[in-house]
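One structure below.
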Protein chains: 2
Amino acid sequence: MRPAICVLFLCLSAALPGDGSADAAAPTMGDVLAASTADDWYTIPRSETLYLTLPQGEVVMMLAPQFAPAHIANLRKLVQAGYFGNAAILRSQDNYVVQWSSPGAGDGELPGGAARRLAPEFYRDAAGLDFVPLASRDAYARSVGFADGFAVGRDGRHGRAWLLHCYGALGAGRASEPDSGNAAELYVVTGHAPRHLDRNVTLLGRVIDGMQYLSSLPRGSGALGFYEHEDEYVPIRSLRFANDADAAWQVLKTDTATFKALVAARRHRAEDWFVDPADAIGVCNVPLPARKLSP
Amino acid sequence: MRPAICVLFLCLSAALPGDGSADAAAPTMGDVLAASTADDWYTIPRSETLYLTLPQGEVVMMLAPQFAPAHIANLRKLVQAGYFGNAAILRSQDNYVVQWSSPGAGDGELPGGAARRLAPEFYRDAAGLDFVPLASRDAYARSVGFADGFAVGRDGRHGRAWLLHCYGALGAGRASEPDSGNAAELYVVTGHAPRHLDRNVTLLGRVIDGMQYLSSLPRGSGALGFYEHEDEYVPIRSLRFANDADAAWQVLKTDTATFKALVAARRHRAEDWFVDPADAIGVCNVPLPARKLSP
């Protein structure tokens, strides 16, 4: 039974986009997406689509080889060598991250020829990246925006660009040494964007579906949100790249008129519910839509 | 068993604050808090401390009567009249909010003389508020900072100030009419700060303890994260104001040299782990510490 009272912000607007409750001259995000064409969507190669299967459900991730080629190549070796066969989520820290690895793997050599130490990929050359700036103030970077379906920071002076630690970002944990990340230990942001981590740790992609299975895990009671008892570990049934049997995933391109309209619709919320629309938007508040293609 | 490998960002720094792993000249947040004195902490009156008891655990909230006096007075009437005796969490939307109310209460008159319609308290007069600005760029407001232990936005031109929708903010849901919020339906932010809601809905406080019991609830599969079946509702054992039998809670004052040092320690992360400290901080990334006093 749905409760009788529907005293909810966004109730009308989000439930019924484009139904006349918003100003007809100002499309909502729902309107923008409904009007999108096939050309507005980018089909993620299966070799860059990662599936994490938990008892709770399936998490789908889109990798960013244009930002972290070496870490992704290392991850590929680890996956092929079955490194994550025994893996589990070992940490869930409230308003921060979940983190997984193979707890019985020890800290010796990694299998499949994967490197234990890798040169950091904290940022890349800004040149050659199709960066579309978001005209918004940002606490952490002089310029933020989007590239290839990812939220990105950019420093024109040093010619650098980097992925942002927005909600759902996928990263490679590391110890104190900058080259100690290797993708054998992965984390996903499950809280308010910890942007101070930007350019300090390698991000390799983002979750495009199933975030709720990671974000709703019980928080660990140990320091840093580690589960203190082995029976709290969340077993990972599999971590694998997509294959031909999987449906293809698409994300909305971020260098199109459609995406520009989406940002505008979220920057100025035209829905009747809003009495004082912000006319502003934070980079990690911009939705980056994904969809599964019917097989 | 703790995993053998501890390949974790923040592992050293957060686990061992002030142990020599950071530059001795630049204190960490742990150092700052360890050096704080009794005067740095504000004891929350029990009449402004709200307890939400769930099967999972206890959530403690600090109310902000200086921002939402009418909504808090209405909430007090509802609590005294037993309105929440039958309440449950009905909604958990990923990266957004949880929301609760009394599902069987209908939409007629509220008990205890509580008003069904209330003038919005979306902002207040900036005058008379001890506002301490945070010198940070912010996407949503020209000026952000802190007052009385809360994250606050300020518009000097219009002389207005308002609470911010940071993680853990407590608000009064409303329908389309701006005066339809009444505290009979409450929500807490469980995701990346939805700052576009600022000045569009009344905030009345923030969670100071037990956030993990709200943020880790299963997400609802219905529209807007509503639970679709009654047996998914999370029953609320009680919603009550603190009494003398409860331990007192304190929050760190936000207009002190100690808080200024805390912000500095988080703005420039001195811990060895960071190779490229941001020297920047977002208003919703600033920790607002709370502690329970031993009875």
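Descriptive notes on the structure:
- Take B:PRO133, move 7 Å from Cα toward the beta carbon, and the resulting point lies 2.4 nm from the same point in each other copy, nearest first.
- Rounded FRET efficiency, nearest 0.05, which uses the C-beta distance separating B:ASP107 from A:ARG117 and R0 of 60 Å: 0.45
- Counting charges near B:SER180 (Lys, Arg +1; Asp, Glu -1) among other residues having Cβ under 9 Å from its Cβ returns a value of +1.
- Take A:LYS292, move 7 Å from Cα toward the beta carbon, and the resulting point lies 4.2 nm from the same point in each other copy, nearest first.
- Considering only A:PRO289, A:GLN93, B:ASN285, the residue lying farthest towards the positive end of the dipole of the protein assembly as shown is B:ASN285, judged by Cα position with unit charges set on Cβ.
- Magnitude of the charge dipole for the protein assembly as shown, about its Cα centre and with charges confined to Cβ atoms of Lys, Arg (+1) and Asp, Glu (-1), is about 600 debye.
- Dipole axis of chain A (+1 Lys, Arg; -1 Asp, Glu on Cβ), positive-most option in A:ALA264, A:ALA34, A:GLY181: A:GLY181
- About its Cα centre, segment B:232-295 has a charge dipole of approximately 220 debye under the convention of +1 per Lys or Arg Cβ and -1 per Asp or Glu Cβ, with nothing else charged.
- Under 12 Å from the B:ARG160 label point (7 Å along Cα→beta-carbon), backbone N, segment A:262-280: A:275-279
- Residues of segment B:209-238 with an amide N closer than 19 Å to a point placed 7 Å from the Cα of B:ARG46 along the Cα-to-Cβ direction: B:209, B:238.
- Taking the fewest neighbouring Cβ atoms within 10 Å as the starting point, the ordered list for A:THR49, B:THR43, B:THR258 is B:THR43, B:THR258, A:THR49.
- Near-label residues of segment A:268-288 by backbone N, under 16 Å of a point 7 Å along Cα→Cβ of A:ARG137: A:278-284
- Magnitude of the charge dipole, segment A:47-287, Cβ model with Lys/Arg +1 and Asp/Glu -1, debye to 20: 640
- Summing +1 for each Lys or Arg and -1 for each Asp or Glu among the other residues whose beta-carbon sits under 9 angstrom from that of A:ASP148 gives -1.
- Distance from the A-onto-B rotation axis is smallest for the Cβ of the chain A residue given, in whole Å, as A:ARG137, 2.
- Simple spin-label estimate for B:THR53 and A:ALA223 in nanometres, 7 Å along Cα-Cβ: 3.4
- Pairwise label distance in nanometres, B:ALA26 with B:SER294, each label 7 Å out on the Cα-Cβ vector: 3.5
- Other residues within the sphere of radius under 14 Å centred on the Cβ of B:VAL189, judged by their own Cβ, net out at 0 (K and R +1, D and E -1).
- Selection among A:ALA172, A:VAL275, A:TYR233 by position relative to the dipole of the protein assembly as shown gives A:VAL275 as farthest towards the positive end (Cβ unit charges, Cα centre).
- Computed from backbone phi with θ = phi - 60° and the Karplus coefficients 6.51, -1.76 and 1.60, the 3J(HN,Hα) list for segment A:247-260 is 5, 7, 10, 10, 10, 5, 4, 10, 10, 10, 5, 5, 5, 4 Hz; x is used for glycine and proline.
Values quoted throughout were computed directly from the atomic coordinates according to the rules given, and no laboratory measurement underlies them. If you're wondering where the values come from, they're calculated on a predicted model, not measured in any experiment. Neighbour counts are summed over all protein chains in view; Cβ atoms, including those assigned to glycine, are modelled from backbone coordinates with ideal geometry.
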